[in-house]
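Enquirer: Structure provided below as structure tokens; questions to follow.
Where a number appears in this text, it was derived from the coordinates with a stated rule and is not lab data. As the structure is a prediction and not an experimental result, all values here were calculated from the model. In this analysis, Cβ positions are derived from the backbone assuming ideal geometry, glycine residues included, and neighbour counts consider all displayed protein chains.
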Amino acid sequence: MQLHCSIVVVVQSLAFILATPGSAATREPNEKWVVNYANAQCVASRNYGTVERPLVLVLKPSPIGSVMQLSMLRKGGSGDGPADEASGEIRADQERPISVSILSFGSKRGILSSRINLTADQFAAVRRASKITIRNAQINETLALSQLPQLMKSIDACVADLQIFWNIAPDARAKLTSRADPHTSLVGIFSSDDYPGVALQKQEEGAVEIVLLIDEKGGIAECVVTRTSSVAALDAQVCSIIAKRAKFSPAIGADQKPTKDSYSQRIVWKTASGG
């Protein structure tokens, strides 16, 4: 089964209202929601800024639907400095704010990305909200979420397609003769030097669960957090290290040919003081 690779516009755009930084005004979208149906991920994005000064909200679900990665993209990142992690909060409508860890990092294209991993329970409030507020020391933005129910139907359908395409769905997985297998323990490819400096300084610890999508050649097509540690830097570092170092033998299908598969792993980060 093939997934769509094109960009699909899914809802109608609304008028744009500029809100100055720090104001309480709600930003309305300037462009349409767009869903990218790719072979290894489902990503929805919408611009609340302008072409010259974009402010893009990005939603990226895990292939098994347990975590929603929410990102805000703005101009301002250089890509040269270290990532910054800070505590913040996200609020759906007038519900109680949710405490989150926000990881911000720049790119060589001059884009600053601020990333939050929300559990399915946390994102449930966002799914039914008309607006969300994201706030920390550097961010104070309220974004209107018009047409979100229609968007989530498209995202849910995309995730269901991913589960079939990558043999994650139980019926598809049962047909595999053998599963994708790492050449060495994934835990063993990490060292103490890999502990993110920003998390180490704060003595932050936690367990991260990820799912890898393994292609027919044993390559890692995607790494997605499926259970967050609630520490953004720890979540991000797991996928970064595994993508660079892990090697796999591909799964074998019922036809005895290499095929796609998924592989789940739990990585626990602990400081020396944490025992």
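Enquirer: Note down the net charge around GLY253, summing +1 for each Lys or Arg and -1 for each Asp or Glu among other residues with Cβ under 12 Å from its Cβ.
Expert: +2
Enquirer: Okay, moving on. From the phi of every residue in the stretch 217-229, what ³J(HN,Hα) in whole Hz does the Karplus formula 6.51 cos²θ - 1.76 cosθ + 1.60 yield, where θ is phi - 60° and glycine or proline is x?
Expert: Here the 3J(HN,Hα) series is 9, x, x, 8, 7, 6, 10, 9, 6, 10, 9, 7, 7 Hz.
Enquirer: Something else now. How large is Rg/Rh for the stretch 170-274, to two decimals, with Cα atoms and a Kirkwood Rh?
Expert: 1.05
Enquirer: I would also like to ask the following. Give me the angle, in degrees from 0 to 90, between the Cα long axis of helix 232-245 and the longest principal axis of the Cα atoms of the chain, rounded to the nearest 10.
Expert: Tilt relative to the chain: about 40 degrees.
Enquirer: Go ahead and run the numbers for FRET between GLN201 and ARG109, Cβ-Cβ distance against an R0 of 25 Å, rounding to 0.05. Provide the component values of the computation, followed by the final result.
Expert: On the way: r = 28 Å, r/R0 = 1.12.
In this case the efficiency is close to 0.35.
Enquirer: Give me the number: length gained by fully extending ALA86 to THR177, i.e. 0.36 nm times residue separation minus the C-alpha to C-alpha distance, one decimal in nm.
Expert: Computed gain between ALA86 and THR177 is 28.3 nm.
Enquirer: Got the relative contact order for the stretch 7-165 handy, in percent, Cα pairs under 8 Å and 6 or more residues apart?
Expert: On the way: 378 pairs, mean separation 35.0, N = 159.
Reported as a whole number, the value is 22 percent.
Enquirer: Now for a different question. Could you give the dipole magnitude of the chain about its Cα centre, charging the beta-carbon of Lys and Arg +1 and that of Asp and Glu -1, in debye to the nearest 20? Walk me through the numbers before you get to the answer.
Expert: On the way: 30 positive and 26 negative charges, 61 e Å.
About 300 debye.
Enquirer: Let me ask something else about it. Rounded to the nearest 500, what is the 222 nm mean residue ellipticity of the chain from helices alone, with -39500 (n - 2.57) per DSSP H run of 4+ residues and division by all residues?
Expert: Rounded to the nearest 500, it is -5000 deg cm²/dmol.
Enquirer: Placing one identical point scatterer on every Cα of the chain and ignoring solvent, what is log10 I(q)/I(0) from the Debye formula at q = 0.07, 0.09, 0.14, 0.17 Å⁻¹?
Expert: So the normalised log intensities work out to -0.27, -0.45, -1.06, -1.44.
Enquirer: Sequence gap at least 6, Cα distance under 8 Å: using those rules, report the relative contact order of the chain to the nearest whole percent.
Expert: Normalised by residue count, the contact order of the chain is 17 percent.
Enquirer: Here is a follow-up. Multiply the residue gap between THR184 and SER273 by 0.36 nm, knock off their C-alpha separation, and tell me the result in nm, one decimal place. Please list the in-between numbers first.
Expert: Working: separation 89, 0.36 × 89 = 32.04 nm, distance 2.80 nm.
Result for the pair: 29.2 nm of gain on full extension.
Enquirer: Still on this structure, please answer the following. Taking GluC sites (Glu not before Pro) that fall in a DSSP loop and have at most 16 other Cβ atoms within 10 Å as cut points, what is the longest piece of the chain between them?
Expert: 96-215
Enquirer: So what is the diffusion coefficient of the stretch 174-215 in µm² per second by Stokes-Einstein at 37 °C and 0.692 mPa s, using a Kirkwood Rh over Cα pairs? Don't skip to the answer; put the middle values down first.
Expert: Details: Rh = 13.5 Å.
Diffusion coefficient, whole number: 243 µm²/s.
Enquirer: So which aspartates and glutamates pass the test for LYS202, namely a Cα distance under 20 Å, with those fewer than 8 places away in the same chain ruled out?
Expert: Leaving aside aspartates and glutamates fewer than 8 places away in the same chain, those within reach of LYS202 are ASP84, GLU85, GLU89, ASP193, ASP194, ASP235.
Enquirer: When the chain is fully extended, how far beyond the present Cα-Cα distance does ALA157 get from ALA120, taking 0.36 nm per residue of separation?
Expert: Fully extending the segment from ALA157 to ALA120 adds 11.7 nm.
Enquirer: Something else now. How large is Rg over Rh for the stretch 30-150, taking Rg from the Cα atoms and Rh as the Kirkwood inverse mean of 1/r across Cα pairs?
Expert: Value, to two decimals: 0.94.
Enquirer: Classify the stretch 119-193 as rounded, prolate or oblate, taking a ≥ b ≥ c as the square roots of the eigenvalues of its Cα gyration tensor: rounded when a/c is under 1.5, otherwise prolate if a/b is larger than b/c and oblate if not.
Expert: It is oblate, given that a/c is not under 1.5 and a/b is not larger than b/c.
Enquirer: A further question follows. Using the Karplus curve 6.51 cos²θ - 1.76 cosθ + 1.60 with θ = phi - 60°, work out ³J(HN,Hα) for each residue of the stretch 174-180 in order, rounded to whole Hz, and write x for Gly and Pro.
Expert: Values, residue by residue: 5, 8, 6, 6, 8, 8, 4 Hz.
Enquirer: Taking the Cα centre of each part, how many Å lie between the stretch 153-193 and the stretch 34-80?
Expert: 22
Enquirer: Looking at this model, which pairs from LYS217/LYS244; LYS32/LYS75; LYS108/LYS247; LYS32/LYS60 are more than 22 angstrom apart at the alpha-carbon?
Expert: Correct reply: LYS108/LYS247.
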